[in-house]
Each structure stands twice: as structure tokens, then as C-alpha cells.
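The values are calculated or read from the model by the stated rules, or taken from the named source; none is laboratory data. Since we're looking at a predicted model, the values are computed, not measured. We place every Cβ from the backbone using ideal geometry, glycine too, and count neighbours over all the protein chains shown. Note: accessible area is taken over every heavy atom of the protein model, side chains too, but ligands, DNA and RNA are not part of it. Shrake-Rupley method; radii C 1.70, N 1.55, O 1.52, S 1.80 Å.
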Amino acid sequence: MNRAAVRWALCAALLVALTCLGASGQEQAVGVFHMLIGCRVAHFDHPPVIGLAGRTYISAAVLDELELPGGPAPQPFAPLGGRANDQETVPQAEPGAAGEAGTPEQSAATGGNEQGSDAQGGGAQGSGETPAPSAPAPPQPGWRHYILAGNTMDVSPAGAAFAAKLDGQPLTAAELAQYQGQGYIAADRLAEAGLMLAYDAEDELYQLTGVIYKVDYRRGNGDAAAAPPSLSLSCLTPLGVEGVQDDETHVHLVLHGGYFADSSPREYAGDPVVTKVGLKSLPRLGRSFVYIEQPKRTGFKVASEARLGFAVVSFGNYFRVASYSLSSSGQLSLCVQLGAPAAAQDQALDNPPRLVVDFTGATFEDATRTIKVNQGGVTAIRIGRPAEGHVRVVLDLSEPLDYRLLTNDNGARYYVQLLPRTPPVGTASQMRKGRAIMLDPGHGGSDPGAPGVSSGVWESALTLQITGLVQAELGRLGYQVLSTRRADRFVSLGARTDYANSLLPYVFVSIHCNSIEDPAFEGIMTFHHATSVAGARLAACVHSEALAATGAVDKGVRTANFFVLRETVMPATLIECGFLTNKAECAKLTDPAYQARLAHGIARGIDKFVTGGM
């Protein structure tokens, strides 16, 4: 659970509590005390944490929030055992100090052991490291019995003098406390059983993090119909899991609400899916990490029962619909995300009009799925799996439309963009319909770009001026023109490409000015990404028309791995309009008449690409 979600949950709980207070007229409302149990916010009618005589105590009521199994304790894992060492000094507060649980006026977290960045869980040992104990005596009648991985906790019934047992052994009077009729257990003794107390100073909230007592990787057997390879995690507290594909061979998981007692890496030499699993815990932050190394990217999905502290990561090329919406063309665009690169084959069919896209090497968990749309030229999106490892997407159209299939993320993400239908022999005006242009004036705001040799000349101001002229030229031709910035403000590279990929303009053109140490260097050069065939055509069109309009020195069309070329999914180009470090060219680039000729050439190049077809 992220911080925003935690704050929202707390605000909602406080509103409910205040409402109850106003309605009942009671001095204390139920649910005014809050604490994170793993990744979940829990509410109490009494302080869940108190400090007494230099020691921190946790309410026994938190055990009921864990939904732990009861009955005789099985022994699938060795006991966690062992006393917590190196306890931090706990600031004290009187037990009568009222207020929100987790405020600085009450005690701070005990935190347990933390060796570097890998937590060992307050002395808890990893599963399988100690022999199983003899079975404890059955719980006394009326006592609550909790199974904590390989440990047990028994708590006396309400109304009686408070008592508790850890693994059948009674806790001492110093390890127990009572306050406002509630029983409390020393935090260091709970840490021995795998429940560690942390304190989030930013949110002013206590958090109880549970030991992740099981990390189990199950290898696949190569049978596509069998269960896929998977990594399962079991935690004492509710566990939130987020997965991120870092690159083609690495995945990492962020775990909210649990810690590892044993952070030793697991290696699976020769495995075709997972070769190494690294573990890291930051229990004082209530967060842990799993680092997965793979021979090659397979894709994955995370399924969890967060409240029960269980999650499983299944490895496979899972298909999902990421989004669908109206794009800049005025028609629908569909984005699909796969776990790993997959081949796609598309075809348009008539009677009735529909578009079919087949993905090979992908997995879809449902037999079929239909999404009613009724907008942007699409009545419905149908998804099915006609064969194992084969996913078919059908867009049912309300009328015949043009389309294009775009891809990024090395072929793991696809965009299906619908466009207004162009007649086989259409006019230039018909070809421009629905083909929006996005212009990207380089730099801006706190990033002024390159300085000119003339005083007061900066790249960011010139690119904005030139872009405005290009926009006017394209507008006269009938294009819808979008821009990443229209004023002198900073826009990050990621924000520029995200904006483009969300609207899907027909092309993306980034406008810059150049600089170099050699003051004699001059001319126009234009770039495209090496993997984009359409981008190469667009760059060639823009470059040739800009040269024809200005008579500038030809510095060629080149490939580059610029962010805005690499991360945009549509054909993209970046034009360097001239060198500000060349005195003559700097003067030209600040001349309104030259800027107008340059803008006319860039616009003609864009139009040439669009009306000339792909």
C-alpha cells in the first residue's frame, strides 16, 4: 500500500469516527486508533501500542487482525525461536497519554535486528534452520490460540487476569501489561514469533510487519497445459506485492508489510525461467524486496490474497488489455500489454467490418471475453484463445476504418489505432483527416538548452518560436496540431513521450538547435531511431524539405538513441535546425524571415510524409 493510499484510508476512518462521535455523543468514538498491520490499516477502540517502564507493548487484539489459523500447531516450518538482540532504546510515555496510536508522544518502534539492509527479523531464524520442537500442550479452555508460522501464541479469555503463552511457555509479568481493560504483550517477545514493530515517522503511524516465513519456487515441467513456474510468498501479516520488469533479464518485487528472517539468495542453476532470487528487507520501513534474475524475459503476473499474507508470482507471457480510449484521430485506440515480446499478425475483414489481431506465444486466462464499447467506430472488443499460446483480438467496427499497429517495449506492448478511412485514390485533404501532428519544442523553463554566440540567444526560446510557425503552417493545411509545450516551461522527456503515447498523433516531430565546440560547423541534421522504418522516412521527408526551403548546409539524416525517438510509439524525428555556435547561422536562426522559411520546409516535409502514405 503506498503512502497516498494509507493517508486516504486514515482520512476516511477519521471521518467515520467523527461521524459516530457526533451521532452518539460519547466522549470516545470507536475506531479512533489506527495502525498498519502489514499493508492494511486496522482500527482499534484502544491504543494498539503503549510504553511502560522502558519497554514497548502491543495489544493482543492485533492477533485477531491477522486471521491466523487456530487449532493444534502443525510443523511445516521450523520454529522462529530465539530472543531479539540489540533492542533500540524506546522513548517512554505514560500509558494514560491519549491520542492517535502512532504519535511521537507514545513509544517508538522496537525495530529488532537490522544487519545492513538485510533484516534478520529480531533474531528470528530462517525456515529449516532449527529442529522442530516437541508439540506444545493443548490450549486451555476459553483461551485464544494462534499459529505464527512455526510458533504458537495462547491468550487468556477476556474478563480474566491477562496471561499469555509463547510456544506453551507462560510469559512473565514483566512481559505483559494491562491498560484500559486490554491485555498487551511485550514487543520484543512478539518479535521472536515473527511480528516486528516499526514506526513510520512521516505518516506518524505504527506498523506491525510479519516475517515472510516461506519463499518457494516451483519449476515448470515444460508441459504448456500444466501449472506454470511460480514463486510463492507466505507472510504472517497482510502482504502487498507490486512487480516491475526492469529489463530483459531482471524483475523486482516490492513487498509492503513483511520482512525476511533469512535473506540468503536462492540459486537455480540451469533453470530456463529463474536462475537466482535475491532477498532484501528494510523492516523499519515495513518494506522488502525480491530481485529475480532470468535467462530471458518470460513475463509474469502477481496474484495475491493480501489480507491472508499470501502472494504468488506466475511466470508466463500473460496478455491483458491495458487500456482503450479515443485517440487524436477521433477513433478508438486499443493498448495491449504482454509480459514478454510476442509476434502479432493483423488483418481487416468485411461483412461485417472488423479488425483481427493474432498474438502468438501469449497466454490469456479466460476462454473468451467481450468488452462492449460503442464509441470511436468500435461496437465491441472480443478476446479469445483459439489455440494454446495463441490470443486473438477482434475489434467489431461500426463502419470500415483504416488502422495501424504500433509497438514498443521490445514488442511486448502493442497499440491498435483506428483512423478515418481514406479512399484508394484520395485527395490530400482526405489523407490529412484524422492524422494529428505533435510538435515538440526542445528544452524550456529551467532547461534553456544551448546558448547562442549572440548575447541573450537561447535554444529553448528559438525552438518555441520556430514550432509556433510550423504549427501555423500545418493549421493552414487542415491538420490538428498538438504541442508538448506552448510556453517557456520545463517539461521532462518522460512527460513528453507519455503525452504522445496517450494521444497517438500520426507523427511526432521534435525541434531543436545545435551546438558544438567548432565555430565553423553549420548546417541542418535530422535524426530517427534505428529500429523505426517509418521514422526514417519521416526524417528524410522533413530533412529534404527543410534544406530546400533554407539552402542550409546538409549534415545528413542520422540515427540516434534519443529518448523522445526511442520511447514514442509513432513515427518520430528530431531536427537540429542549425548551430548556435556558428555566428552566421545563429544570426539566421534569430531572423524572423529565415525562421518562416525553415518552418515552411518542416511543415512541407511532414505533409509529404502523411499524404505520400506510409
Considering L332, L285, which residue is under 30 Å from D396 (Cβ atoms) and among the aliphatic types (A, V, I, L, M)? L332
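How many residues, within region 413-436, are touching a strand residue (DSSP E or B) at 6+ places or on another chain (Cβ under 9 Å) and either outside any strand (DSSP E or B) or on the phi > 0 side of the Ramachandran plot (or both)?
7
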Collect the residues in region 146-203 that are open to solvent by 30 Å² or more (accessible area, probe 1.4 Å) and in contact with a His (Cβ under 6 Å, 6 or more places away or on another chain), keeping them in residue-number order. Q180, Q182
So A343 passes all but one of these: (1) surrounded by fewer than 17 Cβ atoms within 10 Å (Cβ to Cβ); (2) out of contact with any Phe, Trp or Tyr (no Cβ under 8 Å at 6 or more places or on another chain). Which condition number does it fail? (2)
Of all residues being open to solvent by less than 40 Å² (accessible area, probe 1.4 Å) and out of contact with any helix residue (DSSP H, G or I) (no Cβ under 7 Å at 6 or more places or on another chain) in region 496-513, which is farthest from G601 (Cα to Cα)? Just the residue, please. N501
Restricting to region 522-551, name every residue that is in contact (Cβ under 8 Å) with a residue 40 or more places away in the chain, not charged (D, E, K, R) and not in a helix (DSSP H, G or I). G523, I524, M525, T526, F527, H528, H529, S532
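Test L504 against the criterion of being of a type outside the set (V, I, T) and more than 27 Å from S446 (Cβ to Cβ), and give yes or no.
Details: of a type outside the set (V, I, T): yes; more than 27 Å from S446 (Cβ to Cβ): yes.
It is true that L504 is of a type outside the set (V, I, T) and more than 27 Å from S446 (Cβ to Cβ).
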Those residues that are of a type in the set (S, T, Y) and more than 13 Å from I437 (Cβ to Cβ), I need them from region 578-614; list them, please. T581, T590, Y594
Specify which of the listed residues (I516, I524) is β-branched (V, I, T) and surrounded by fewer than 16 Cβ atoms within 10 Å (Cβ to Cβ). I516
Tell me the residue from S333, S281, S328, S314 that is hydroxyl-bearing (S, T, Y), under 20 Å from V211 (Cβ atoms) and either out of contact with any helix residue (DSSP H, G or I) (no Cβ under 8 Å at 6 or more places or on another chain) or surrounded by 20 or more Cβ atoms within 10 Å (Cβ to Cβ) (or both), please. S281
With the requirement that a residue be assigned to a strand (DSSP E or B), farther than 30 Å from Q375 by Cβ, touching a Ser or Thr at 6+ places or on another chain (Cβ under 9 Å) and among the charged types (D, E, K, R), what does region 280-325 give you? K280, R287, E293
Strands (runs of 3 or more DSSP E) contained in region 224-279 and holding at least 2 residues in contact with a His (Cβ under 7 Å, 6 or more places away or on another chain) and not charged (D, E, K, R): 240-245
Residue tally, condition open to solvent by 20 Å² or more (accessible area, probe 1.4 Å) and either of a type in the set (A, V, I, L, M) or closer than 19 Å to S502 by Cα (or both), over region 533-551: 7
Residues satisfying the stated conditions in region 577-614, i.e. touching a Ser or Thr at 6+ places or on another chain (Cβ under 7 Å), not hydroxyl-bearing (S, T, Y) and not in a helix (DSSP H, G or I): F579, L580
Keeping to region 233-254, report how many residues are open to solvent by less than 40 Å² (accessible area, probe 1.4 Å) and of a type in the set (D, E). 0
Among the residues of region 552-576, write down those that are in a strand (DSSP E or B) and either within 25 Å of A436 (Cβ to Cβ) or small (G, A, S) (or both). G556, V557, A572, T573, L574, I575, E576
Is it the case that region 480-492 has a residue that's within 29 Å of Y324 (Cα to Cα), surrounded by 19 or more Cβ atoms within 10 Å (Cβ to Cβ) and basic (K, R)? yes
Taking region 423-442 as the search range and keeping residues that are touching a Ser or Thr at 6+ places or on another chain (Cβ under 8 Å) and without any contact (Cβ under 8 Å) to a residue 60 or more places away in the chain, which one is farthest from A472 (Cα to Cα)? Q430
Would you mind stating whether A84 is surrounded by 13 or more Cβ atoms within 10 Å (Cβ to Cβ) and modelled with pLDDT under 50? yes
Can you tell me which residue within region 466-495, out of those that are in contact with a helix residue (DSSP H, G or I) (Cβ under 6 Å, 6 or more places away or on another chain) and outside any loop (DSSP other than H, G, I, E, B), is nearest to A436 (Cα to Cα)? V481
Among the residues of region 553-579, which ones are of a type in the set (A, V, I, L, M) and farther than 15 Å from G605 by Cα? V553, A560, V564, L565, V569, M570
Out of (1) in a strand (DSSP E or B); (2) surrounded by 18 or more Cβ atoms within 10 Å (Cβ to Cβ); (3) out of contact with any Lys or Arg (no Cβ under 8 Å at 6 or more places or on another chain), what's the single condition that is false for D440? (3)
